[in-house]
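Novice: I have a structure here, written as structure tokens, and I will follow up with some questions on it.
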Amino acid sequence: MLENSALKRTVLLSLVFLLIGVGFIGTSLQAQDLTAEEIVNRRDDNEYILSARMEAEMIIQKGERRTVKEMISYSQEGNALTEFTNPRDRGTKYLKQGEELWMYFPDAEDLVRISGHMLRQGMMGSDFSYQDMLESEQLTDLYSFERVDEEELNGRPTYVIEGTAKEGKEVAYQQRKIWVDQERFIGLREELYARNGRLLKVARVTEVEEFDDDRWYPVEMVMEDQLMENSSTTFRIQELEFNPEIPEGTFSLEGLQ
Amino acid sequence: MKRTQQLLGLGLIIFLAILVVSGPAEAVDIGGEINVNAGLIYPSTGDISTSISAEAELELYLPTSETLEPRLVVQGGIRNQGQTDFSFKYLYLRSRLNSSHLTLGRQPVSWSYGAIINPLDFGFGIEGLADRSITPGIDGARYYHSLGSGRSFQAVISWPDLTGEFTDLGYGARLRLPGQGYDFSLNAVSQEIAGGRRLHRAGMTYSGDLGPIGVYGTAGYYNLHESSLDDWIIQLGMDYSWFLGEFDQRRVNIQGEYFRFIKGDMNLGYVLGLAGGGAPGTQFMLAGQDLFIANLSTSLDSFTNIGLALLKESSGWNVVAVPYYTSDLGGGLEFRLEGSLYRDQADNISTGVSAGMIYYF
């Protein structure tokens, strides 16, 4: 079961492990003629980056209660390393090697392999599961999409796309509704629904930034859990560098010991 | 004791001197935690007792270079009537060279594979029992060598007492051979235990997946030096999780493991106290032929967890139950409420409750 993966795969995971990124290819194509699947694929195709370094924070909030997780992440060709830097979790690291995930405990200075069902657990108490970090399936493999509308959202023209889970595919959300920026191909808003049609979660991109290579990237987004009152998680990227120099051995078990 | 203190003092001076001469000074960061705890214990004898303590752990994040890594963590506390204690939790220098490193001083040595209790660890640590972990610090030298592809070899020499005899030294080695979807190790340890006796342990550990279930285990051999006392050990463990709630919004986790001395000639009491790593309040449970441990937990929300830890011997029907509740209050503050219930084979029941606040900085 791909618990909690859909929203996070497309939006939030990108900020945790930089498995995906959002790129701006250009608007020379006849965007108006794009089908729903083409729009989603344009977004998906843009959302893979070969290599990056990021400093970010994750703010988990419920009512007045608030906790902050800070992290530094590196990613390169399917491998990723995230180190938490906030006091509670300082020195805790997650290493993703292909489909394998390892966790480094700073107090014991030891590595433990994260296995099976554990991958669906929330990472560091957040709403983002380990599996979200490993998930790499294309949205179009899991859902059938159709264009339902065009709307202006926060001053940006968007395509409104609805996706329904394909028969036999195990997904956490039966339906999803995505607002995709017509020029930048960034998902600006996403609604995730249960099988009975109930709205479970809403993700909103609240800030995007243009990088040197004309690449637009969401640098702040908020996910709101609709089942829990006043509950939200905010991801905020503080520093992002594409194609950085990453020291050899960064993504090896040896590098953590 | 005085001699030990002198040697520790000398060691610290050398440690600091090496740091100063090894490179340009950089900013030193400080982090740690402060833990204030109060408890009530109601034993089967009926005499209620209380305990109050405040403990602190402070780590200086010292500058490192490509070849030299220092680590300095101190800990101390005030208990009940004002008794104080202070110690170095970790104090070491690590020298790196290509695919290997050598660590000298008081350091953590953990040979984890996901079990709550690892009977083939170098010390005696606890992992994730009632949301707590204990890693003992070892005074010694550890050599790590990478064999490539995640595989590694470690060798450890420990000295329980700085003024002890050569024959007191402990030795251990671990060959770790992880592969796709599993982690496998071969461990061997020889250490002094209480009473001046030497315990030899050797065996293998494994962790992997069996469908949606995480499985792990140990098989090994214990031998008491210069005696006819020996035994085979086996440990089988699993962990699993599932969802509850109308929208599968609540995850429940369970981990259980069973440990047994096959012949029944030895017990876990032989490894208790190795480097001070025994779990407080559970020592009395670890002297039987076998031990079953289970840990059940769930998150109420992003900030709050509840759980129940159970320890049980089959031989004496001794049972320990530890319900616990933890809550992240934000701002680096965490609240913990914990109960305990112990029933022995004579049906005597002792209970306790404790509450504490931890501040991380």
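The values are calculated or read from the model by the stated rules, or taken from the named source; none is laboratory data. Everything numeric here is computed off the predicted structure, so don't read it as measured data. Heads up, the Cβs are rebuilt from the backbone with ideal geometry, glycines too, and the neighbour counts pull from every protein chain shown. Protein only, heavy atoms only, side chains kept; ligands, DNA and RNA dropped before computing areas. Shrake-Rupley method; radii C 1.70, N 1.55, O 1.52, S 1.80 Å.
Novice: Looking at B:Leu19, is it more than 14 Å from chain A (Cβ to nearest Cβ) and more than 16 Å from B:Gly137 (Cβ to Cβ)? Show your work before the answer.
Specialist: Details: more than 14 Å from chain A (Cβ to nearest Cβ): yes; more than 16 Å from B:Gly137 (Cβ to Cβ): yes.
In short, yes.
Novice: Return the residues of segment B:144-168 that are surrounded by 17 or more Cβ atoms within 10 Å (Cβ to Cβ), more than 9 Å from chain A (Cβ to nearest Cβ) and farther than 12 Å from B:Trp111 by Cα; say none if nothing qualifies.
Specialist: B:Ser158, B:Trp159, B:Pro160
Novice: Sticking with this structure for a sec: Does segment B:212-239 hold any residues that are within 14 Å of another protein chain (Cβ to nearest Cβ) and either in a loop (DSSP other than H, G, I, E, B) or touching a Pro at 6+ places or on another chain (Cβ under 7 Å) (or both), and which are they?
Specialist: From segment B:212-239, those within 14 Å of another protein chain (Cβ to nearest Cβ) are B:212-217, B:237-239; that's our starting set.
Across segment B:212-239, the qualifying residue is only B:Pro212.
Novice: Hey, another quick one. Go through (1) farther than 20 Å from B:Phe153 by Cα; (2) touching a residue at least 40 places away in the same chain (Cβ under 8 Å); (3) crowded, with 21+ Cβ neighbours inside 10 Å for B:Glu192 and report which single condition fails.
Specialist: If we test B:Glu192 against (1) farther than 20 Å from B:Phe153 by Cα; (2) touching a residue at least 40 places away in the same chain (Cβ under 8 Å); (3) crowded, with 21+ Cβ neighbours inside 10 Å, just (2) comes out false.
Novice: What's the number of the only condition in (1) more than 14 Å from chain A (Cβ to nearest Cβ); (2) among the basic types (Lys, Arg); (3) touching a Leu at 6+ places or on another chain (Cβ under 6 Å) that B:Arg250 fails to meet?
Specialist: Going through the list (1) more than 14 Å from chain A (Cβ to nearest Cβ); (2) among the basic types (Lys, Arg); (3) touching a Leu at 6+ places or on another chain (Cβ under 6 Å), B:Arg250 breaks only (1).
Novice: Follow-up. Quick one: how many residues across segment A:158-170 are of a type in the set (Gly, Ala, Ser) and surrounded by 23 or more Cβ atoms within 10 Å (Cβ to Cβ)?
Specialist: In the first step, residues of segment A:158-170 are kept if they are of a type in the set (Gly, Ala, Ser); the result is A:163, A:165, A:168.
From the residues that got through so far, the ones that are surrounded by 23 or more Cβ atoms within 10 Å (Cβ to Cβ) too are A:163.
Result for segment A:158-170: 1.
Novice: Restricted to segment A:171-183, and to residues that are touching a helix residue (DSSP H, G or I) at 6+ places or on another chain (Cβ under 9 Å) and in a loop (DSSP other than H, G, I, E, B), which residue is most open to solvent (accessible area, probe 1.4 Å)?
Specialist: A:Glu183
Novice: Kindly indicate whether any position in segment B:127-134 is polar (S, T, N, Q), in contact (Cβ under 8 Å) with a residue 24 or more places away in the chain and either buried (at least 16 other Cβ atoms within 10 Å of the Cβ) or within 13 Å of another protein chain (Cβ to nearest Cβ) (or both). Working first, answer last.
Specialist: Pass one, segment B:127-134, residues polar (S, T, N, Q): B:133.
When the remaining residues are screened for being in contact (Cβ under 8 Å) with a residue 24 or more places away in the chain, the result is none.
Taking every residue of segment B:127-134 in turn, none turns out to be polar (S, T, N, Q), in contact (Cβ under 8 Å) with a residue 24 or more places away in the chain and either buried (at least 16 other Cβ atoms within 10 Å of the Cβ) or within 13 Å of another protein chain (Cβ to nearest Cβ) (or both).
Novice: Taking the condition within 14 Å of chain B (Cβ to nearest Cβ) and either surrounded by fewer than 18 Cβ atoms within 10 Å (Cβ to Cβ) or not small (Gly, Ala, Ser) (or both), does A:Tyr193 pass?
Specialist: Working: within 14 Å of chain B (Cβ to nearest Cβ): yes; either surrounded by fewer than 18 Cβ atoms within 10 Å (Cβ to Cβ) or not small (Gly, Ala, Ser) (or both): yes.
Taking the combined requirement at face value, the residue satisfies it.
Novice: Could you tell me whether A:Glu248 is charged (D, E, K, R) and under 18 Å from the mean Cα position of the chain (by Cα)? Outline the logic, then answer.
Specialist: On the way: charged (D, E, K, R): yes; under 18 Å from the mean Cα position of the chain (by Cα): no.
No.
Novice: Quick one: which strands (runs of 3 or more DSSP E) sit completely within segment B:30-136 and have at least 3 residues that are out of contact with any Leu (no Cβ under 7 Å at 6 or more places or on another chain) and farther than 30 Å from B:Ala17 by Cβ? Write out each step before concluding.
Specialist: On the way: elements: B:49-61, B:68-79, B:83-97, B:100-108, B:126-129, B:132-134.
Qualifying strands (runs of 3 or more DSSP E): B:49-61, B:126-129, B:132-134.
Novice: Modelled with pLDDT of 95 or more and surrounded by fewer than 20 Cβ atoms within 10 Å (Cβ to Cβ): does that describe B:Tyr182?
Specialist: Numbers: modelled with pLDDT of 95 or more: no; surrounded by fewer than 20 Cβ atoms within 10 Å (Cβ to Cβ): yes.
Against the criterion (modelled with pLDDT of 95 or more and surrounded by fewer than 20 Cβ atoms within 10 Å (Cβ to Cβ)), B:Tyr182 does not qualify.
Novice: Look at A:Asn154 and say whether it is modelled with pLDDT under 90, open to solvent by 20 Å² or more (accessible area, probe 1.4 Å) and not charged (D, E, K, R). Even if it seems obvious, please write down each step before you answer.
Specialist: Working: modelled with pLDDT under 90: no; open to solvent by 20 Å² or more (accessible area, probe 1.4 Å): yes; not charged (D, E, K, R): yes.
The answer is no for A:Asn154.
Novice: Where residues in segment B:265-313 are small (Gly, Ala, Ser) and modelled with pLDDT of 80 or more, which of them is surrounded by the most Cβ atoms within 10 Å (Cβ to Cβ)?
Specialist: As a first pass, look at segment B:265-313 and keep what is small (Gly, Ala, Ser): B:269, B:273, B:275-279, B:281, B:287-288, B:294, B:297, B:299, B:302, B:307, B:309.
Filter once more, keeping what is modelled with pLDDT of 80 or more: B:294, B:297, B:299, B:302, B:307, B:309.
Working: B:Ala294: 17, B:Ser297: 20, B:Ser299: 19, B:Ser302: 21, B:Gly307: 21, B:Ala309: 24.
The residue in question is B:Ala309.
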